[in-house]
1. Which shape class applies to the stretch 6-125: rounded if a/c is under 1.5, otherwise prolate when a/b exceeds b/c and oblate if not, where a ≥ b ≥ c are the square roots of the Cα gyration tensor eigenvalues?
2. If I compute solvent accessible area with a 1.4 Å probe over the protein chains, what percent of it on the stretch 6-125 is carbon and sulfur?
3. Each residue of the stretch 25-42 in order: what ³J(HN,Hα) in whole Hz does its phi give by Karplus 6.51 cos²θ - 1.76 cosθ + 1.60, θ = phi - 60°, with x for Gly and Pro?
4. For the stretch 133-225, report the accessible area per residue in Å² (1.4 Å probe, heavy atoms, rounded to an integer).
5. Counting only the heavy atoms of the protein chains, how much of ARG203 is accessible to a 1.4 Å probe, in Å² to the nearest 10?
6. Can you tally the lysine pairs in the chain where the Cα-Cα distance is under 26 Å and the two residues are eight or more apart, or on different chains?
7. If exposed chymotrypsin sites (Phe, Trp or Tyr not before Pro) are those in a DSSP loop with at most 16 other Cβ within 10 Å, what is the longest stretch of the chain that has none?
8. If you roll a 1.4 Å probe over the heavy atoms of the protein chains, what accessible area per residue do you get for the stretch 6-125, in Å²?
Amino acid sequence: MKQLPRVLVVEDEPAIAELISVNLRHNGFAPTWAEDGVAAQRELDAVLPDVILLDWMLPGQSGLALARKWRSQERTRSIPILMLTARGDEPDKVAGLDAGADDYITKPFSTQELLARIRAVLRRRAPEQGAEVVIAGELTLDAATHRVSWRGQPLKVGPTEFKLLLYLMTYPERVHSRQQLLDKVWGDHVFIEERTVDVHVKRLRESLGAAASMLETVRGAGYRLAALATTPAAH
Ligand code: CA
């Protein structure tokens, strides 16, 4: 049986924590509630969650201090952190992201928004957790070392293009619409235009050089990585 994703909810207001927990439970997550940093640390020492929902304003250590602490520690470093902030706290949001939060969500939020954000951070983290080597045709991508090579020759690929390539190589031969790519590669950035995908595909093609022909445009549909197609011979 597949294990439900664990969510550690760090929130000092019982009513809010209860509401979040009930909604998470109804939507296939396993929430645990901690009312402050001390209780949260105790939970983390016992079992690592898949994602942490972290309230900004907490008694004792603030959410910001906790995010910074958990980011700096090896054991908790890679757990996605979603910060809960009050409306209008723009500087706080920036500080939260600086402290290592993956995203933030402003109170009051809808259940749908919360679930979408949680799924997005989980998805975004997922390819890196595999830390595996993906091979498509003569392209090799190492997710752990962030290296890409074609016929053994290293290629320089930017961070967004890398994520895009990782996704395309994970699902080769399939046609992906721009919207699907935004959803899977960009995840939580719902306001990005589809045109952005074209920009990054163009950059990725430039990075791929002679292997660029593997990345096909499918008219009216989207993009496909043709792993089986023959690429031009190296000079
Ligand atoms: Ca609070």
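The values are calculated or read from the model by the stated rules, or taken from the named source; none is laboratory data. Quick caveat: nothing in here was measured; it's all calculated off a predicted structure. We place every Cβ from the backbone using ideal geometry, glycine too, and count neighbours over all the protein chains shown. The area values use the complete protein model at the heavy-atom level, side chains included, leaving out ligands, DNA and RNA. Shrake-Rupley method; radii C 1.70, N 1.55, O 1.52, S 1.80 Å.
1. It comes out rounded by the Cα gyration axes.
2. Reported share for carbon and sulfur atoms: 53 percent.
3. Running phi through 6.51 cos²θ - 1.76 cosθ + 1.60 with θ = phi - 60° gives 4, 5, 10, x, 10, 10, x, 10, 10, 10, 8, 7, x, 5, 5, 5, 4, 4 Hz.
4. Details: 5070 Å² over 93 residues.
Counting only protein heavy atoms, the per-residue value for the stretch 133-225 is 54 Å².
5. Approximately 110 Å² for this residue.
6. Summing the qualifying lysine pairs gives 13.
7. Details: sites that count: PHE109, PHE191.
Longest site-free region, per DSSP loop and neighbour criteria: 1-108.
8. Numbers: 5660 Å² over 120 residues.
With all protein chains present, the stretch 6-125 gives 47 Å² per residue.
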